[in-house]
Amino acid sequence: MKLANPLNYPLAVLAGGIVLVVGVRLANLSSVVMLPFAAVIATGGAIALKSKEPETLNLENPELARELQLVKQQAQTLAGKAEILRSEATKLLSDGLEVELLAAVQYACDRASELPAKVDQLTQRFQGADSLLSVSDLQQQLEQVNHKQTQASGVAKDQLNKLTESLQRNLQLARQGQDARQAQVTSLSTMIADAAGVLQQLQNKLRTADLNDSEQARELRSLSEELHSLEESFDLLVTK
């Protein structure tokens, strides 16, 4: 809930005033009783009005703020599509032999639904006094990715290779004294776009696949793993 000062919202103050006048003059209630009630109405109205305002980011870099807003919208759209896919998969993969595949799809969709909250966490970090990405932050991220690379294979390894290249570019920017946050947000936007493409492929395949065909079932599982891999890369990029 967003806290709000009623004095910044004339309509909320007006509503509180009307309640006060009606209570005191028409209902003959004591002003001692009505004043707190009118204040509650004004405050509640201010909170409701503020909640409808577009979210603003307290960043000194307007372009970065705009890009973060776009990434948040991308993440919300992806989360909505993932919920639709999750529902479809639950209906289509109802056979007992398909439980493992259903679990893989559901897990990938659940992780996708977490992306908007992760963007919010990154946004909060970018608004701090020490919000610029430091060389040590990026080196730590790079170490995490390198460790995962030693254990990965296939699609996951390919995705981690791309993430390594992105982090190395950001690290170079930070070493040059430049703001690497914008490059990081661009990388996140690309990952979400890639994840949306994979999710669409997964949905299309799920609707048309013959699940009795082991090759088609394998392709579905592979797409689920690719989506999950992208989500893991997203996690690595938004955490220090």
Report summary line: With criteria (1) over 19 Å from the mean Cα position of the chain (by Cα); (2) modelled with pLDDT of 75 or more; (3) among the hydroxyl-bearing types (Ser, Thr, Tyr), residue 31 comes up short on (2)
Query raised in the report: When you scan the stretch 81-97, how many residues do you find that are in contact with a helix residue (DSSP H, G or I) (Cβ under 8 Å, 6 or more places away or on another chain), in contact (Cβ under 8 Å) with a residue 60 or more places away in the chain and either within 17 Å of residue 210 (Cα to Cα) or open to solvent by less than 10 Å² (accessible area, probe 1.4 Å) (or both)?
Result: 6
Query - Tabulated pairs, the stretch 212-240, first in the same structural domain as residue 197 (by the TED database) and crowded, with 18+ Cβ neighbours inside 10 Å, second outside any helix (DSSP H, G or I) and of a type in the set (A, V, I, L, M, F, W, C), C-beta under 7 angstrom, 6+ apart or interchain - result: 217/211; 220/209
Query raised in the report: Which of (1) open to solvent by less than 70 Å² (accessible area, probe 1.4 Å); (2) in contact (Cβ under 8 Å) with a residue 24 or more places away in the chain does residue 161 not meet, given it meets every other one?
Result: (2)
Query raised in the report: If you check residue 179 against the conditions, is it part of a loop (DSSP other than H, G, I, E, B), touching a residue at least 12 places away in the same chain (Cβ under 8 Å), in the same structural domain as residue 104 (by the TED database) and surrounded by fewer than 22 Cβ atoms within 10 Å (Cβ to Cβ)?
Result: yes
Report task. Would you mind finding the one in 138, 102, 133, 122 that is out of contact with any Asp or Glu (no Cβ under 7 Å at 6 or more places or on another chain) and outside any helix (DSSP H, G or I)? Result -> 133
Report summary line: For the stretch 173-215, the count of residues that are modelled with pLDDT under 85 and more than 18 Å from the chain's Cα centre (by Cα) equals 14
**Report entry** Qualifying positions in the stretch 98-126 - within 18 Å of residue 78 (Cβ to Cβ) and small (Gly, Ala, Ser)
**Finding:** 104, 108, 112, 113, 117
Requested in this report: Answer yes or no as to whether residue 170 is open to solvent by less than 10 Å² (accessible area, probe 1.4 Å), in the same structural domain as residue 82 (by the TED database), farther than 24 Å from residue 81 by Cα and assigned to a helix (DSSP H, G or I).
Outcome: yes
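The values are calculated or read from the model by the stated rules, or taken from the named source; none is laboratory data. This one's a predicted model, so the numbers in the text were calculated from it and none came from an experiment. Every residue, glycine among them, receives a Cβ derived from its backbone with ideal geometry; neighbour counts consider all protein chains shown. These accessible areas exclude ligands, DNA and RNA; they are computed on the full protein's heavy atoms, side chains included. Shrake-Rupley method; radii C 1.70, N 1.55, O 1.52, S 1.80 Å.
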